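For reference, the structure discussed in these notes is given below.
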Amino acid sequence: MWRKVGWIFAAVALFGVVAWAQEIKNPDTVIWVTHGPAETCDPHFSYDTASGEIIFNVYEALVRWPYGIVDADERDLSYSLDPSKLQPMLATEWWVSSDGTVYVFKIRKGVRFHYVGVKKEDGTIEWVDYDSLSPEEEKNIVPGYGELTAEDVEYSFERGMLQDRDGGPIWMLLEPLTGYPTLRALAKAALGKEVKNLHQLTPDEQKLIYEKYIDPTVEAVGDDVVVFKLPKAYPPFITILAHSGSWSSILDKEWCIDYAGCWDGKPDTWAKWWNPGGGEVAKESELFDIMNGTGPFKLAKWDIGVEVVFERFEKYWGGPAKIKYAIIKKTEEWSDRLLMFQAGDADIVTVPRQNLPQVEGLPGVVVHHMLPTLSMNPVAFFVAPVKVEGNEFIGEGPWDGLGIPPDFFADINVRKAFCMAFDYDAYIEEVLLGEGYKTHGPIPKAFDWAYYQPEEELLWEYDLEKATELMKKARNGEIWEKGFNLTILYNEGNEPRRIAAEILEANIESMNPKFQVEVRAVPWNTYLSLLVTSKLPLFIVGWLADFPDPHNFAVPFVASYGTFSGWQGEYMVENIFKPYFDELVAAGMATTDQAERAKIYYEISKRAHEFAIDIWLPQAYGVRVVRDWLQGFPFNPIFPGPYFYPMYKAYE
Amino acid sequence: MVAYIIRRLLILPLVITGLFILIFGLYSLLDPYEKAGLYVRDITELKNRDINELIEQYGLNDPPWVQFFRWVSEVLHGNLGWSEVANRPVIDAFKRFLPQTVELALWSAIPIVLGGIWLGQLSAVKQNKPIDHASRVFAVVGWSLPTYVAGLLALFIFYGIFKWLPPGRLSTDVSLYVSLSGEFKMYTGIITLDAILNWNWWVFTDAARHLILPVLVLSYVSWALIMRVTRSSMLETLRQEYIMTARAKGLPEKVVIKRHARRNALLPVATIAGLTIAFLFNGLVITETIFDLPGLGRWAAEAARQFDIPSLLGYLLFNSFLIVIANLIVDILYAVIDPRVRLE
C-alpha cells in the first residue's frame, strides 16, 4: 500500500518538475537584464549605446541592415555589413548617382507613427495613440499628422543638423552632407567669422546658413521622394543612413513641432534649438523622454537607470510583433542579474566575460560563443614624446636609467620590441577565456573586404628573443645599458587592461634586470586627465564602430587629427601619421569603388605594422546568453542592442 | 521646548557648511581634466569634442571657492544642479529615489527596534542561561556579517534556490500593471502604501514579498547594537532597589519586567534606536544595490564613485538634515520618556 502511495508521489513530483521546467515565464514579454543607464530618447542627441538600444526599437531609418537569427535553436550568421545588401525600411527603393553625390529615396506609403493628430470638435488638434483609434475614428486624423511623408524625412535630417549638440553624433550627417564636421565650423565658413555661441546668430545669419548650406542637402520632392545632395562622394554615407539607433531616425515633423516643441521648421529661428543643454544636459532637448516613431514598439515607460518598457505597436506597417511587451531592466549587480536569469525572470542577460563560466551548462540556458564584433577594444598606444612638465611617470631631470626619456617610444626598435614582447596567446586564454582572435591593424576583421590577408604577414608574434635584440639596438644600445623604469597605468576596475599591462610587465622585465615596469591602477577621471595631457607613455583604450565602414576606424587610429592618434605625441603625429597615413585616409574616402578602397585599407594596415604604431591586442568575440525558450533573436554586430521585433517565447 | 528646537535647528546650517567645505576641499585637489571625467565616462565620447571646451563650459578651471559660491547661489535660487549619474536634476533624483528608500527604512525600522529590544530584554532576563548565550551569538554574528555577504547569501537561498523572494520592487506582471494599466494611482511613490490606498491586495503582497529579504537583512545586521544596549541597561535596572521593592511587594515577574524595569531601561535605547534609524539611510547603500532597489543610497554611492559633485552635495544636504532632525527627535523623546530630563 505505502509503496504504491510512494510511486504516486514520485510520479507527481516528477511531473511537477517537468512541468516547471517547461513553464515559460511571462510568455508575452521579453526581458533583457543588463547594466548602464541610457542618456536620452532623442535620436539626434543620443551617442551612447544604452540610448541607442531604446531608439532602435521605436524609430526607424530609411534602410536597414540584414540580420541573421541567433537564438536558442538557431545560429544563423547570414547578416551582412555590405552596403549593397541593405534592405528597405521606410524607403522602398533608392538610387545613388555614379559619382556618389546624389542619393534618391522613394518613401514607403501608408506608414503611420505611434501617435497621430486628430481634430477635436473645437478645431484643436489632439495627439492620440494610433492603436486606440477605431477605423471610424481614423478618418479624423489630420492629413500629415502622424503619417509618414517625404517632408518628415527632410525635417528629421535638418533638425538633426541644426541641433548639433556638442560631443554628439551629428558630425556623421554634417560631414558628408555639408563638408563641415560641426555647425560651428559651417557657420564660420558661411559668415566669415568665428561664432562660438550660435544662439547669438541674428535671424538673417540663421537664414543664410539654413538656405545656403542645410536646406539644399536634403529635399523632399513631392510626397514620397527624398533627395540627398553631397558636396563630394562620401562612400559610407548609406551606412550612416542605415542607423536607426540614433542619428538617422525618422521623426514626424508635425508631432515634433506641434506636440514636442522642437524646431519650428523656419529658416531663421533654428539657433534657439541648437546645442541643447550645452551638449551635456540631455533633458534640455525636447525629445529627451518622449518618442513617436514608426517602429514595432512604442515607448511605454522610461524610468531612467531602472527600466525601459516597450509596448507592441499593434498597427505596425510590417505587422505586429509576436510579443506584447519588451523590457530592458538595468541591474548593475551581476549576482542579481544571474539569479533573475536563472529563475526565468529574464530572457536575455548581459554577462561579464569573467563570469561566463557561471552560466555555462545551467539548465534552460543557451550560450552562443564566437560571435563577430565590430570594435577595436582594447588597443595599446605608444606616445612620443610624453609631456615632461609635472609628469611623475618619466622620472626627473635628464634620463639616467630612472624613468624613461620623453621620446622613449620615438625609437622604432622600442615600439617593435614592445609589440613582440606581448604574449598574445596568453591574453586570449587568460582574459578572453579562449574566445578571442589576433588582429593586425586598425581595420576590424569583420570588414572582410578591407581586412588584409594573409593576416599572418602582418600579425606580431610573441618572440622575446627578437624583442631583446631590438631593445639592444634601441638608441644605439643606450637603453640596454642604462635600463629604464616605465609606469603603465590603467583605469581601475578594467581587468582586461590590467592583465594586458601585467603581461607586458612580466615579459619586458624578463629581458634585462635593468628594465623595470610598474603597473598601477588609477580612477577613471585621473586616467582621462593624464591621457589627454599626454602624460602617459603608453595608454590602453578602445573604439566602437559608429557606422560599419573602415573609415570610421582609420581616422581615430592613424589620421594625424584622429581621436587617439592625435594624443600620441608630436613625434608620432609629425613623423608618422601626417606623412604616411593622412593621404591614405583621404584617398579611402575619395572613391566609391570597393575594390579600390580595399587596397587603400590594406596599405594602411601594412604601414601600421611597418611603423609599429600601436600594440594591436587580441579582440574578443561576442557572446550571447539567452533562455532556451527565446526564439527569433536577430544578430548583426552593428546593432546597438537587441531588436525585439522578431522575438517570441516558445519551445520548438 | 520650542526654543530648544529652534536652537537645535540653527545648528543645521553650520553642519552643512562644514560638510560642504570638506567636500569642496577634496574636490579642489582634482585637476580640471579629472573633474571633466564626470562628463566623459568613456573615451569615445571625445570623438568629436574638445575636452578644454568642456572644462570652460562648466567652469572646472575656476578656483574651488568660486565653484562653491556658484553652487550656493544656485541652491538659494532653488536649483540643486544636474545629477550626471541620475541623468536628471538633483531635485528630480530625490523625488524618484526617496520613496524607495523611505519605504525600505520604514519597514526595516519596526523589526530593527522591536526585535533588538525584545532580544535584549530576553537576554537580560535570562542572563547567563542558554537562551542568553544563543541570542547574543545570534546578534553578534549579524553584527559581524557584512551586509553584502548577508544580502547575497539570503538572495541566493531564498531566490536562487527556492525562488520565493525575488529582488527588485515588483514582479514583471505587477510592474506592468502598476505602470501601464492606468488603474493604479501613485500617491506617494511608496508602493506598499499606494497599494493600500488603492485597496489593491495583489500589488501589496507582491511589493511586500520583494521587501521581506532586504528588511530581514537590514534588521539582522542592525539588531546587535540595540540588543546589547537594551541588555546592559536592563541588567542595570534589574539590580536597582526599586525593582527589589517591586518583587518584595509580591508583584508577578512579568509585571516587574514590563512596568518597572523595561520602561526605565529603554532610556538609553531610545537614543541608540533613533540614531540607528537615521544611520539606516547610509546603510541602505549596499542593501539597495544588492536587492536591486532604486533608492537614494544606490544613487549616492554611484555619485561618490564618479565624483558627481551636485549629486553628492544634494545628498549631503539631505543627510545632514536627517541626522540633525533625528537627534532632535531623540532629545524630545528623551524628555517625554523621562520627565527628569528638561530640555529648557
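The values are calculated or read from the model by the stated rules, or taken from the named source; none is laboratory data. None of the values given here were measured: they were computed from a predicted structure. Note: ideal-geometry Cβ built from the backbone for every residue, glycine included; neighbour counts use all protein chains shown.
Put simply, of B:209, B:239, B:231 the only residue that is of a type in the set (Lys, Arg) and in contact with a Ser or Thr (Cβ under 7 Å, 6 or more places away or on another chain) is B:231.
Okay, residues lined up against (1) modelled with pLDDT of 90 or more; (2) in contact with a helix residue (DSSP H, G or I) (Cβ under 8 Å, 6 or more places away or on another chain); (3) in a loop (DSSP other than H, G, I, E, B):
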residue: B:128; (1), (2), (3): no, no, yes
residue: B:142; (1), (2), (3): no, yes, no
residue: B:159; (1), (2), (3): yes, yes, no
residue: B:163; (1), (2), (3): no, no, yes
residue: B:169; (1), (2), (3): yes, yes, yes
residue: B:176; (1), (2), (3): yes, no, no
residue: B:179; (1), (2), (3): yes, no, no
residue: B:184; (1), (2), (3): yes, yes, yes
residue: B:189; (1), (2), (3): yes, yes, yes
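Taken together, the residues in region A:307-357 that are over 26 Å from residue A:110 (Cα atoms), of a type outside the set (A, V, I, L, M) and part of a loop (DSSP other than H, G, I, E, B) amount to 8. For region A:270-325, taking the residues that are away from every other protein chain (no Cβ under 11 Å) and charged (D, E, K, R), the one that is surrounded by the fewest Cβ atoms within 10 Å (Cβ to Cβ) is identified as A:272.
Per the conditions (1) within 14 Å of chain A (Cβ to nearest Cβ); (2) farther than 25 Å from residue B:278 by Cβ, the sole criterion not satisfied by residue B:127 is (1). Residue A:638 meets the conditions (1) in a loop (DSSP other than H, G, I, E, B); (2) in the same structural domain as residue A:436 (by TED's automatic domain parsing); (3) touching a Pro at 6+ places or on another chain (Cβ under 9 Å) in every case but one. The failed one is (2). Residues in region B:19-52 that are within 7 Å of chain A (Cβ to nearest Cβ) and more than 35 Å from the chain's Cα centre (by Cα) were compared, and the one that is modelled with the highest pLDDT is B:51. Pairs are defined by a Cβ separation below 8 Å, a sequence spacing of at least 6 or placement on different chains, a first member in region A:526-555 that is within 9 Å of chain B (Cβ to nearest Cβ), and a second member that is assigned to a strand (DSSP E or B) and of a type in the set (Val, Ile, Thr); the pairs so defined are A:530/A:522; A:531/A:541; A:541/A:379; A:542/A:379; A:543/A:379. Residues in region B:79-124 that are away from every other protein chain (no Cβ under 14 Å) and aromatic (Phe, Trp, Tyr) were compared, and the one that is farthest from residue A:332 (Cα to Cα) is B:118. Among all residues of region B:196-219, there is at least one that is more than 12 Å from chain A (Cβ to nearest Cβ), touching a residue at least 60 places away in the same chain (Cβ under 8 Å) and closer than 23 Å to residue B:268 by Cβ.
Can you run down the residue pairs with Cβ atoms below 6 Å, 6 or more apart or on separate chains, where the first is in region B:238-264 and within 18 Å of residue B:118 (Cβ to Cβ) and the partner is basic (Lys, Arg)? Listed pairs, sorted by first residue: B:256/B:247. Could you please find all residues in region A:131-162 being surrounded by 20 or more Cβ atoms within 10 Å (Cβ to Cβ) and more than 30 Å from residue A:591 (Cα to Cα)? Once the filter is applied, which keeps residues that are surrounded by 20 or more Cβ atoms within 10 Å (Cβ to Cβ) and more than 30 Å from residue A:591 (Cα to Cα), region A:131-162 yields A:145, A:146, A:147, A:148, A:149, A:152.
For region A:408-426, filtered to residues that are touching a helix residue (DSSP H, G or I) at 6+ places or on another chain (Cβ under 9 Å) and surrounded by fewer than 20 Cβ atoms within 10 Å (Cβ to Cβ), the residue that is nearest to residue A:484 (Cα to Cα) is A:413.
Where in region A:103-207 are the helices (runs of 4 or more DSSP H), entirely inside, with at least 2 residues that are away from chain B (no Cβ under 14 Å) and modelled with pLDDT of 95 or more?
Here the list reads A:150-163, A:171-178, A:183-191.
Looking at residue B:56 and the list (1) under 30 Å from the mean Cα position of the chain (by Cα); (2) free of Cβ contacts under 8 Å to residues at least 60 places away in the same chain; (3) more than 9 Å from chain A (Cβ to nearest Cβ); (4) assigned to a helix (DSSP H, G or I), which single condition is not satisfied? For residue B:56, the failing item is (1). In this structure, does residue A:608 turn out to be in contact (Cβ under 8 Å) with a residue 12 or more places away in the chain, assigned to a loop (DSSP other than H, G, I, E, B) and over 23 Å from the mean Cα position of the chain (by Cα)? Answer is no for this residue.
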